[in-house]
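The values are calculated or read from the model by the stated rules, or taken from the named source; none is laboratory data. What you are looking at is a predicted structure, and each value in this text was computed from that prediction instead of being measured. Glycine gets a Cβ as well: all are built from the backbone with ideal geometry, and neighbour counts include every protein chain shown.
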Number of protein chains: 2
Amino acid sequence: MESQESNDPAAVTPVLMCGGVGTRLWPLSRRSYPKQFTSLFGRESLFQASARRFLGDCFAPPVVITNTEFRFIVTEQLAEIGIKPAIIMIEPEARNTAPATLAVSLFMQELNPDALILVVPADHVLPDMEMFQAAVATGMKPARSGDIVTFAVCPDRPETGYGYMELGEISDRGVVAVKRFVEKPDPAEAEALVASGRFFWNSGLLLFSSQTMADAFEAHASRLVKPVRDALSHATQDMGFLRLAPGPWSQAGNISVDYAVLEQSKRITAVPYTGTWSDLGGWDSVWAESMTDDQGVALTDHAYAIDCQDVLLRSESRHQVLVGLGLRDIIAVAMPDAVLVADKARAQDVKAAVQHLKDIQISQAEEFPREHRPWGYFEHLTRGPGFEVRRITINPGAALTLQSHSHRAEHWVVVAGGARVTADGHGQIVERNQSVFIPPDCRHRLENPGTDRLIIIEVRTGASLEEDDVVRYV
Amino acid sequence: MESQESNDPAAVTPVLMCGGVGTRLWPLSRRSYPKQFTSLFGRESLFQASARRFLGDCFAPPVVITNTEFRFIVTEQLAEIGIKPAIIMIEPEARNTAPATLAVSLFMQELNPDALILVVPADHVLPDMEMFQAAVATGMKPARSGDIVTFAVCPDRPETGYGYMELGEISDRGVVAVKRFVEKPDPAEAEALVASGRFFWNSGLLLFSSQTMADAFEAHASRLVKPVRDALSHATQDMGFLRLAPGPWSQAGNISVDYAVLEQSKRITAVPYTGTWSDLGGWDSVWAESMTDDQGVALTDHAYAIDCQDVLLRSESRHQVLVGLGLRDIIAVAMPDAVLVADKARAQDVKAAVQHLKDIQISQAEEFPREHRPWGYFEHLTRGPGFEVRRITINPGAALTLQSHSHRAEHWVVVAGGARVTADGHGQIVERNQSVFIPPDCRHRLENPGTDRLIIIEVRTGASLEEDDVVRYV
């Protein structure tokens with residue numbers, strides 16, 4: 001990357017799109033905690049890896065676009081890796097990529113009209129950081145001069161899960177013209193596209209100036225402009241979040257930026273990219289991106305393969321062992337509350353399978369045993385008639401609201417960190433290895449005054465253990 | 001069954017052999033809680049179903065042969081179904097079927113020399129109770145007159161997992177002569193055996209008089225007689241258990257009764273049996289005995305199959321969902337701490353897979369999350385640095401020993417039933433929804449004085465949580 005550009009602190013603002021649900025990677029990825037936040041490879045989540053991809057002089061702090069449910073996961077995961085976002089923009093409801101792309105373009109026009117915007121889905125794999133940053137640098141000049149720059153990935157197989165782009169001649173702006181977009185092809189068509197040498201995968205990454213994108217929407221999708229502009233102008237700022245106004249937002253069409261703008265515009269160019277890229281659109285992609293042995297076997301820790309070939313065996317818990325025996329082309333993903341076993345060729349149908357589970361009201365279709373809250377998260381350990389046990393993790397400095405319950409009592413045992421507990425006006429510090437009892441109707445408040453995580457084992461007992469048995473006092 | 005025999009209360013003493021380990025049904029069946037005690041089909045365990053098969057006038061209370069580890073599971077499961085055994089005989093170590101068969105024969109000679117003995121492995125499936133009792137009735141006359149009566153199952157497929165018997169002419173005692181035994185055959189041989197129409201499966205069930213069996217051992221396996229007789233004469237009686245003497249028992253050969261006696265004796269006859277029978281020797285057998293739909297799909301509750309064929313999908317926990325997608329001839333068994341996914345044709349190799357897990361010291365190879373004790377059982381819920389949470393279930397009237405721990409404290413919350421807790425000499429009743437704290441070095445004792453199960457959530461905290469940090473006071 002040229003040093004001139006690298007020294008411009010506002011050169012490129014990365015926009016991390018992380019509102020997706022990713023049900024094709026069920027059970028690891030669920031509506032309540034989708035794939036971009038999970039540790040698919042190694043310790044970091046895909047979202048964290050995406051955010052760290054844009055550290056460096058040439059990148060401004062990122063804008064994150066997410067939804068209400070994921071906002072605390074976003075702040076927690078960014079804090080873990082020490083990244084402070086420019087803003088976390090909250091979509092009141094999912095509206096595909098066009099409204100979000102327009103919203104961030106209009107927002108950036110106000111904030112920094114000179115900035116380029118790099119829209120990146122936060123669930124992609126791009127392991128070659130230097131090669132990728134070089135590709136971004138290549139795209140900056142044409143983006144400044146008014147192109148919408150895509151990144152075209154050189155295909156290594158006739159993948160049917162991706163869209164394709166037909167590339168033309170190298171333009172005078174140093175990039176390649178995009179002649180047309182092709183939707184996800186069938187297998188025969190994919191073979192032909194790849195064999196032609198002219199068709200590349202559409203990565204979904206976009207680099208553009210805010211003015212270019214705003215103009216493109218005016219030209220090709222003008223019906224989106226008013227609702228998105230209104231959603232922005234009536235947005236509320238709240239604890240570091242910019243919450244778009246739900247009313248106008250609901251009027252914006254549920255449409256992709258490809259369909260709304262890219263397929264209409266004449267100024268679409270592409271930076272060809274020969275590094276590794278995957279959108280991890282299914283367990284077959286995860287298998288393809290995993291380290292496999294010479295039998296094509298990809299394993300996590302605690303997974304064991306005996307006489308298997310071309311399989312992906314994932315145990316997502318260190319307390320759960322997974323054994324595959326004599327399997328071919330099978331994907332197995334084991335979690336303590338949900339297990340998927342699928343023919344690898346059927347990886348794309350996992351989405352429909354999850355929809356089926358949802359239709360028959362299986363909670364695991366969407367929910368995780370771990371539930372995130374502003375102050376941390378909790379996990380269900382066990383329950384029986386009249387009792388329930390949870391493991392509660394409270395972030396340093398965080399506190400639960402002052403509350404009381406009519407029907408249940410709560411026993412808390414502090415097993416890590418220290419707690420400040422207020423009960424009926426009386427405050428006390430509860431250290432590790434101490435416990436406290438909160439009877440029904442007691443007004444109580446739980447805080448973590450320390451700098452380490454506070455972990456509490458909570459045993460709830462009572463005739464009713466419903467979540468809605470709570471009175472909150474502001 | 002003839003009424004004359006039915007009215008003899010000591011006519012047949014069933015002997016339930018339940019010391020086996022059954023690793024081929026891992027992960028449901030493990031060394032610490034093998035298949036005969038699990039609910040493979042419906043609510044009852046195989047052991048319970050076996051014990052209930054012999055209720056009726058013609059059967060005496062059962063003798064149970066098991067080992068030290070399973071003795072409390074046996075008493076608990078018999079109590080659940082209201083059966084009081086004649087005796088629970090404990091093998092100090094597993095020595096295959098010959099020493100156990102001889103031991104029970106010698107024991108019964110003393111107790112009731114007229115009784116017939118019916119040896120039944122407690123992990124078999126015999127759903128047609130009336131048909132089976134009729135077969136036993138058919139065998140009683142020849143057994144009384146000195147035959148060792150086997151039960152020959154009419155084969156419905158060329159199974160390679162079973163031994164076969166060649167049957168001859170109907171004898172004058174109303175049963176069929178056994179001409180020879182054939183070990184588990186290879187597939188081609190099995191086809192030929194079944195096609196001949198003369199070969200039946202050897203079920204492993206035996207009916208005989210104690211005198212006949214004692215004589216047969218004297219004649220064909222006399223080296224076993226002294227050690228087994230000594231193990232019996234030095235046996236200790238303890239809480240309703242007859243514990244064979246370990247020293248002499250260890251001198252008895254590790255040999256099957258088939259090999260030691262049956263293949264040598266001239267007086268082996270068979271009752272042909274056309275009802276359903278399975279020894280559930282692998283997950284393929286379980287699949288074969290399960291209710292399947294017209295695609296050959298067998299499912300437990302909480303298991304879902306989408307476009308699957310000839311599969312067995314078992315979820316062994318109501319908190320865990322299992323989804324199979326596009327599978328053919330696959331077995332998947334999911335538990336919260338262990339999952340098996342296997343090619344159905346490889347079902348017999350599960351045993352070797354478990355041995356592999358054991359070799360690399362994976363605890364799930366042998367251990368269960370639920371650990372049984374004389375007073376009940378406990379389950380591990382969660383653990384972390386310096387803490388561990390367990391759910392402890394204590395049977396009515398049961399008590400733990402008086403004990404103390406040097407390094408750990410214990411927080412107990414009673415969530416069902418009521419406890420009597422003695423701490424440093426001071427006794428108190430702890431009701432449901434109350435808790436008690438046991439600091440390090442406190443001499444404590446926990447009892448269930450009530451008639452319902454006592455369930456306690458225990459949170460252990462401390463620098464060391466090892467099981468061996470315990471001093472017991474008698």
Checklist entry - Here are B:PHE217, B:PHE199, B:PHE181, B:PHE241: which of them is aromatic (Phe, Trp, Tyr) and within 25 Å of the chain's Cα centre (by Cα)? => result B:PHE241
Checklist entry - Taking region B:456-474, which residues are within 14 Å of chain A (Cβ to nearest Cβ) and either assigned to a loop (DSSP other than H, G, I, E, B) or in contact with a Lys or Arg (Cβ under 7 Å, 6 or more places away or on another chain) (or both)? => result B:ILE457, B:GLU458, B:ARG460, B:THR461, B:GLY462, B:ALA463, B:SER464, B:LEU465
Next on the checklist: Conditions first: (1) among the hydrophobic types (A, V, I, L, M, F, W, C); (2) surrounded by fewer than 20 Cβ atoms within 10 Å (Cβ to Cβ); (3) in contact (Cβ under 8 Å) with a residue 24 or more places away in the chain. B:MET335 passes all but one, so which condition is the exception?
Outcome noted: (2)
Next on the checklist: Looking only at region A:386-398, filter to residues that are over 23 Å from the mean Cα position of the chain (by Cα) and in a strand (DSSP E or B); which one of those is nearest to B:LEU454 (Cα to Cα)?
Outcome noted: A:PHE387
Checklist entry - Filter region B:303-337 for residues that are out of contact with any helix residue (DSSP H, G or I) (no Cβ under 8 Å at 6 or more places or on another chain), modelled with pLDDT of 95 or more and assigned to a loop (DSSP other than H, G, I, E, B); which is nearest to the other protein chains (Cβ to nearest Cβ)? => result B:LEU327
Checklist entry - So which of A:PHE368, A:PHE378 ends up being away from chain B (no Cβ under 11 Å), surrounded by 20 or more Cβ atoms within 10 Å (Cβ to Cβ) and either touching a residue at least 60 places away in the same chain (Cβ under 8 Å) or not in a loop (DSSP other than H, G, I, E, B) (or both)? => result A:PHE368
Checklist outcome for this item: Selection over region A:338-357 where residues are under 17 Å from B:ALA303 (Cβ atoms) and either touching a Phe, Trp or Tyr at 6+ places or on another chain (Cβ under 6 Å) or more than 10 Å from chain B (Cβ to nearest Cβ) (or both) yields a count of 2
Item to check | Among the candidates B:ALA79, B:ALA94, B:ALA98, B:ALA103, residue that is within 22 Å of B:LEU206 (Cα to Cα), modelled with pLDDT under 90 and either assigned to a strand (DSSP E or B) or among the small types (Gly, Ala, Ser) (or both) | outcome: B:ALA94
Next on the checklist: Restricting to region B:395-439, count the residues that are within 11 Å of another protein chain (Cβ to nearest Cβ) and without any contact (Cβ under 8 Å) to a residue 24 or more places away in the chain.
Outcome noted: 4
Item to check | Selection status of B:GLY275, surrounded by fewer than 20 Cβ atoms within 10 Å (Cβ to Cβ), away from chain A (no Cβ under 14 Å) and either at pLDDT 95 or above or assigned to a strand (DSSP E or B) (or both) | outcome: no
Next on the checklist: I'd like to verify a number: residues in region A:129-161 that are part of a loop (DSSP other than H, G, I, E, B) and surrounded by fewer than 24 Cβ atoms within 10 Å (Cβ to Cβ), how many?
Outcome noted: 10
Checklist entry - Within the group B:ARG420, B:ARG383, which residue is surrounded by fewer than 19 Cβ atoms within 10 Å (Cβ to Cβ) and over 32 Å from the mean Cα position of the chain (by Cα)? => result B:ARG420
Item to check | Positions within region B:1-33 being of a type outside the set (Asp, Glu), modelled with pLDDT under 85 and assigned to a loop (DSSP other than H, G, I, E, B), in sequence order | outcome: B:MET1, B:ASN7, B:PRO9, B:ALA10, B:ALA11, B:GLY19, B:GLY20, B:VAL21, B:GLY22, B:ARG31, B:SER32
Checklist entry - Just wondering, is there one or more residues in region A:283-304 that are free of Cβ contacts under 8 Å to residues at least 24 places away in the same chain and aromatic (Phe, Trp, Tyr)? => result yes
